[in-house]
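Please treat every number below as a calculation from the coordinates, not as lab data. No experiment lies behind these values; they were computed from the predicted model shown. Glycine also receives a Cβ, built like all others from the backbone with ideal geometry; neighbour counts cover every protein chain displayed.
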Amino acid sequence: MVRIRVLVVDDHRIFAESLAAALAAEPDVDVSAAGSGPAAVRSLERAAAEGRRYDVLLVDADLGGNALGVRPAVPVQEGNEDGLVDGISLVVGVRASQPAVRIVVLAEKDDPRRAALALQAGASGWVAKDCSLSRLLTVIRGVLRDETHLPPALLTGVLRELTAARKHRTESEQLVESLTPREREVLRCMVAGLGRKAVAERLFLSPHTVRTHMQNVLGKLGVHSTLAAVALARRAGVGPVDLGPAGRIMPEESSSA
C-alpha cells in the first residue's frame with residue numbers, strides 16, 4: 001500500500017493534533033503536526049534529509065495570527081532566525097524549496113480574494129476547517145493527482161480575483177521595467193527580505209548608496225514602503241535574489257507569484 005505523508009501546520013495545537021489524529025486513523029495516511037511555520041520548515045527539511053519527504057502540507061490560513069494575504073509575505077532573512085512566519089510565506093517558501101509537496105490551505109471561512117492569493121502562491125486547494133473528514137481526504141488525494149480543489153461557491157469569485165490580478169501584474173511589470181539594472185538588483189534583494197546593510201554587503205555598495213537606490217525604487221514604483229514594493233515586485237514576477245555568496249547575483253528567474 002502506498003502511504004500518503006501529511007503534515008498539518010496550525011498554531012492552534014489542539015486543532016492540529018486532533019486533525020492529525022483523525023487523519024492517522026486512515027490506513028494509508030501517515031501524519032504529523034507542526035505548531036508554526038518555522039517548525040513546519042524544520043520538519044520538511046528533516047524529512048527530506050532522511051529520504052521520507054511529505055506529500056501534502058495542510059496549512060492554516062491564519063498561521064501566526066496573520067490573515068493569509070493581509071500583508072505582503074516576505075521570507076525573513078534578518079532579525080528573525082525562525083524565518084518564514086505566516087501562511088502565505090510558508091506556501092511560497094515550500095513551493096520554492098520542495099515543489100513536489102502539494103499544499104492545501106485550511107480556512108475558517110471562504111474568501112475569494114484570500115483563496116486566489118493562496119493559489120497564486122502555489123497552493124493546490126482551499127478547504128473550510130469545518131468540512132467533513134471525508135471531504136478533506138478527497139482533497140488530499142485529489143491534489144496528489146495534480147487536481148486543484150476549491151469550494152464550488154468560491155469559483156466565480158476566485159476567477160474574478162485572478163483576472164484582476166493579471167491586470168495588476170501587467171501594470172506592475174510596466175513599473176518594474178522603468179527601473180535600471182542596478183535598481184532591479186536592489187529590488188530582488190528587497191524581495192529576498194534583505195535589509196539595507198545586507199544589500200550593501202552583497203552588492204559591494206555603501207549603505208548610503210543602497211538607501212538612495214531603495215528610495216529611487218520606491219519612487220519609480222509609486223509606493224511608500226518596502227513591503228508595498230515587494231508586493232508589487234511579486235505581482236510583476238520578480239523573484240528574490242539567490243542568497244549565495246555575497247556579491248554574487250544569480251540570473252533572475254520569473255516567479256509565479
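List of remarks:
- Note on ASP30 and ARG13: the model spin-label points, each 7 Å out from Cα along the C-beta direction, lie 2.4 nm apart.
- FRET efficiency for the pair LEU155 and ARG182, taken as 1/(1 + (r/R0)^6) with r the Cβ-Cβ distance and R0 = 41 Å, rounds to 0.40.
- Here the simple spin-label model places points 7 Å from the Cα toward Cβ, and for GLN215 and THR163 these points are separated by 4.3 nm.
- Karplus-based coupling profile of the stretch 14-22, in residue order and whole Hz: 4, 5, 4, 6, 5, 5, 4, 5, 5, with θ = phi - 60° in 6.51 cos²θ - 1.76 cosθ + 1.60 and x standing for Gly or Pro.
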